[in-house]
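For reference, the structure discussed in these notes is given below.
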Amino acid sequence: MRIKFTLFLLALNGMAFSLLFYLHHRGSQAERNAQRLAENIRIEVASANEIKLSGGALGLPYTISRDGENWQITHPIKWPANYFSVNRILNQLQFIEEDASFSVEAILESGQTLADYGFEDPLLRIELTHDQGLRSISIGTPTEIGNQLYLLGPNATTIYAVDRSSIDSLLIDLDALRSRKIFNLPVFEIDALGLEMKTAAGAGSLKVRLSKIDNRWQFEAPISANADLALVESAIQSLSSMQVTRFVEDNSSDPVAQGLDAPSARITLYGNKRERTLLVGNPDPSARGEATYFARLEDLTTVFTIPIQHIDALREAQQDLRKRDFFEFPSETVDSLVIRENEAEIRLQKLENGNWQIVATAPGDDIQPRQADATYIESLLRDLSQLRALEFVIDNPSPADLVQLNLNNPQRVVELTLSGETPRTLAFAHPSDEDERLYAQASASSFIYEVARKPLLNKLSLNPAEYYERTLLTLPEAATITALKIKPIHPEMDTQALDLKTASGRAATAALVECLRDFHVNRYRNDVFSETGVEPPWEYILEISLLLPDGNGGRETTQRYAFTRRLSATLQIGGSPAHNCTFELNQKMIEALQPYLQPILLPPEAKGAPLTSPILPEPINPPEPTR
């Protein structure tokens, strides 16, 4: 009896284990079935080279094909597909999940057909083509319960119930699928730009080509010249970001009316062994708001419109994209600078210690080297190296052009010698009857430029004094100013002796003493000092008593300076008999002298005084009318 009971228990255990295994296997199979749709679609989408969407819910069917990393619309038009729209379709397909599923075999056994579920004429059919063949996904009718749709999987053996919202996101019409971007070359890849623009007269076209060489842009046609890096890259960025304003339907395209049979412009961007050309036609008369041109890509038939500003900005590319800095050089490497006009010449030389000296030559003059002002010369060199063309006047001048602009006999010739380089020459000239413009021509090219006239000619002075060291006198630290006297030239005015002995007196004269100890001038006027016969005349004599150290208790000496009255807020002239020169005071010295000189006469209204009424002439009696 016990043996029978034991065998009975063993049989029950076996049945229980079998049931558990069956239930577990059934659960695992159900889980695999639940994952099968997403997994199958994901595999098909990942390997697909072409995707075709059609069906009643979509309207116009279309086909997109993989082109490297991008997708192209290949039917019913040829056009690049919108990257984000395609990704939306691909991602949604790969993550469709079913709520229920049943086999096609089961519905056929029950007497139903695929047409009962809407698969004979589906709302949406997605055909995936890859190397292994064609797979199709069909979306049928809504389910009887819930917001769901029937989906026939790619293996055509299983029907799934899927959420309707996941299918609705696949319904992207053709207009939304088209990319609005025209040039699909990455900006960093573009290494050349070609332009062909019809001239205003319509008699021909101007062809411009720029190429990127060693991180700089160069014009290759119609001239060989440097292009402005920032402006060219800005133009390319503008073209790359340009988007379609609207697509023109095929049935309304008229190449003649749109100007695309003979385009007014051709714009080509060149990349890594590929290029894309845009043809630009006439303005779109139906444009609302922003004006647009008709356009199309050379290798495609789709017509669209684009904003005019992107195109019009390039019509003068030969001028607008050209580099205007035409005489660049590293100023710190300049060893000498020569400025001449005919036989007059200013020669500036850099010494081994870094200082500059000036050698001025003119017919009959002796050569007298003198220390030059390094700050002024560095400023002059900086201005020359940053010289910019206001206009590009003539690119290939004839001898007659040089004569007309007077460049055969220039007003200034500048010659720079840089360390280890051939000297560079720059000529400046203007016609004798031209008072506003100044033209320049560098020896390295034939181009003639217009440059700013007044500031440049003023700085390229042939007056040697313009280049002299601006420090007139620097007293030793041990030197002492013991007395200051200001003597007016006018006999009726009294001499002023400035107080340097008391603390208050020294404080009052501190600014003037500081300027006199380190005497800087604004600029020199002449190499000659004269007590009389100067214009404007001298008004004051400043006498400075000095005690200079000499090892024997000090040596007394006197410095004398002559000054005019203050001619304006920023101009006052001085002279030094000891240095035999006249000069303009700098602003600091002008302000330090002001309290001790005759003040500028202010008008009554500036002093708050009452204004006197002007005396008006008696009116003239009007003539009697004639009869």
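The values are calculated or read from the model by the stated rules, or taken from the named source; none is laboratory data. Everything numeric in this text was worked out from a predicted model, so none of it was measured. Methodologically, a virtual Cβ is constructed for each residue, glycine included, from the backbone with ideal geometry; neighbour enumeration extends over all protein chains shown. Surface areas here come from the heavy atoms of the whole protein model, side chains and all, with no ligands, DNA or RNA. Shrake-Rupley method; radii C 1.70, N 1.55, O 1.52, S 1.80 Å.
For the reader, a short list of remarks on this structure follows.
- Tally of residues being crowded, with 17+ Cβ neighbours inside 10 Å and part of a loop (DSSP other than H, G, I, E, B) across the stretch 208-221: 0
- Among the residues of the stretch 311-349, the ones that are surrounded by 20 or more Cβ atoms within 10 Å (Cβ to Cβ) and closer than 30 Å to Met242 by Cβ come to 7 in all.
- Among the residues of the stretch 36-71, those that are free of Cβ contacts under 8 Å to residues at least 60 places away in the same chain and open to solvent by 40 Å² or more (accessible area, probe 1.4 Å) comprise Glu39, Arg42, Ile43, Ala46, Pro61, Arg66, Asp67, Gly68, Glu69.
- Residues being open to solvent by 30 Å² or more (accessible area, probe 1.4 Å) and either modelled with pLDDT of 90 or more or not small (Gly, Ala, Ser) (or both) - total across the stretch 411-436: 13
- Selected residue [open to solvent by 30 Å² or more (accessible area, probe 1.4 Å), among the polar types (S, T, N, Q) and closer than 23 Å to Glu328 by Cα] from Asn458, Asn406, Asn463: Asn458
- Residue count for the stretch 78-99 under the criterion of being aliphatic (A, V, I, L, M) and part of a helix (DSSP H, G or I): the result is 4.
- Any hit, the stretch 316-328, residues being within 33 Å of the chain's Cα centre (by Cα) and among the small types (Gly, Ala, Ser): yes
- Selection status of Ala235, small (Gly, Ala, Ser), open to solvent by less than 50 Å² (accessible area, probe 1.4 Å) and assigned to a helix (DSSP H, G or I): yes
- Test: Ser398 is surrounded by fewer than 11 Cβ atoms within 10 Å (Cβ to Cβ) and either modelled with pLDDT under 90 or of a type in the set (Ser, Thr, Tyr) (or both): yes
- Arg88 vs. criteria under 51 Å from the mean Cα position of the chain (by Cα) and surrounded by 15 or more Cβ atoms within 10 Å (Cβ to Cβ): yes
- Criterion: open to solvent by 10 Å² or more (accessible area, probe 1.4 Å) and either aromatic (Phe, Trp, Tyr) or at pLDDT 90 or above (or both) - qualifying residue of Ser240, Ser224, Ser205, Ser253: Ser224
- Residue within the stretch 103-118 that is part of a loop (DSSP other than H, G, I, E, B), of a type in the set (A, V, I, L, M, F, W, C) and open to solvent by less than 20 Å² (accessible area, probe 1.4 Å) present: no
- Condition check for Leu300 on (1) more than 32 Å from the chain's Cα centre (by Cα); (2) within 30 Å of Gly354 (Cβ to Cβ): one failure, at (2).
- From Tyr376, Tyr439, Tyr449, residue being of a type in the set (Phe, Trp, Tyr) and either surrounded by fewer than 19 Cβ atoms within 10 Å (Cβ to Cβ) or assigned to a helix (DSSP H, G or I) (or both): Tyr376
- Evaluated against (1) over 28 Å from the mean Cα position of the chain (by Cα); (2) open to solvent by 70 Å² or more (accessible area, probe 1.4 Å); (3) of a type outside the set (S, T, N, Q), Glu275 falls short on exactly one condition, (1).
- Subset of the stretch 139-160 [touching a Lys or Arg at 6+ places or on another chain (Cβ under 7 Å) and touching a residue at least 40 places away in the same chain (Cβ under 8 Å)]: Gln148, Pro154
- Complete set of residues in the stretch 548-561 that are open to solvent by less than 60 Å² (accessible area, probe 1.4 Å) and either of a type in the set (Phe, Trp, Tyr) or modelled with pLDDT under 90 (or both): Leu548, Gly554, Tyr561
- Meets criteria (within 25 Å of Asp173 (Cβ to Cβ) and at pLDDT 80 or above) for Gly111: no
- In the condition set (1) modelled with pLDDT of 80 or more; (2) open to solvent by less than 50 Å² (accessible area, probe 1.4 Å), Gly27 is compliant with all but (1).
- Test: residue in the stretch 482-499 that is surrounded by 16 or more Cβ atoms within 10 Å (Cβ to Cβ) and not in a strand (DSSP E or B): no
- Verdict on Lys350 being of a type outside the set (Gly, Ala, Ser) and free of Cβ contacts under 8 Å to residues at least 40 places away in the same chain: yes
- Within the stretch 472-481, restricting attention to residues that are touching a residue at least 60 places away in the same chain (Cβ under 8 Å) and either of a type in the set (Ser, Thr, Tyr) or under 30 Å from Leu348 (Cα atoms) (or both), the residue that is surrounded by the fewest Cβ atoms within 10 Å (Cβ to Cβ) is Pro476.
- Leu384 meets each of the listed conditions (1) under 25 Å from Thr422 (Cβ atoms); (2) surrounded by fewer than 19 Cβ atoms within 10 Å (Cβ to Cβ) apart from (2).
- The listed residues are Arg125, Arg135, and the only one of them that is modelled with pLDDT under 90, open to solvent by 20 Å² or more (accessible area, probe 1.4 Å) and in a strand (DSSP E or B) turns out to be Arg135.
- If the condition is being without any contact (Cβ under 8 Å) to a residue 24 or more places away in the chain, of a type in the set (Asp, Glu) and more than 30 Å from Phe102 (Cα to Cα), then the stretch 161-216 contributes only Asp214.
- Candidates Pro622, Pro599 - the one that is modelled with pLDDT under 90 and more than 55 Å from the chain's Cα centre (by Cα): Pro622
- Pairs where the first residue, in the stretch 487-514, is over 22 Å from Glu539 (Cβ atoms) and the second is in a loop (DSSP other than H, G, I, E, B), C-beta under 7 Å, 6+ apart: Leu500/Thr509; Gly505/Asp499; Arg506/Leu500
- Assessment of the stretch 351-364 against the conditions (of a type in the set (D, E, K, R) and surrounded by 11 or more Cβ atoms within 10 Å (Cβ to Cβ)) yields no matching residue.
- Residue pairs whose Cβ atoms lie under 6 Å apart, sitting 6 or more positions apart in sequence or on different chains, and linking a residue in the stretch 558-571 that is at negative phi and part of a loop (DSSP other than H, G, I, E, B) to a partner that is among the polar types (S, T, N, Q) and open to solvent by less than 50 Å² (accessible area, probe 1.4 Å), are Arg566/Gln572.
- Residue satisfying all of: in the stretch 528-547; open to solvent by 60 Å² or more (accessible area, probe 1.4 Å) and of a type in the set (D, E, K, R); farthest from Gln496 (Cα to Cα) among these: Glu535
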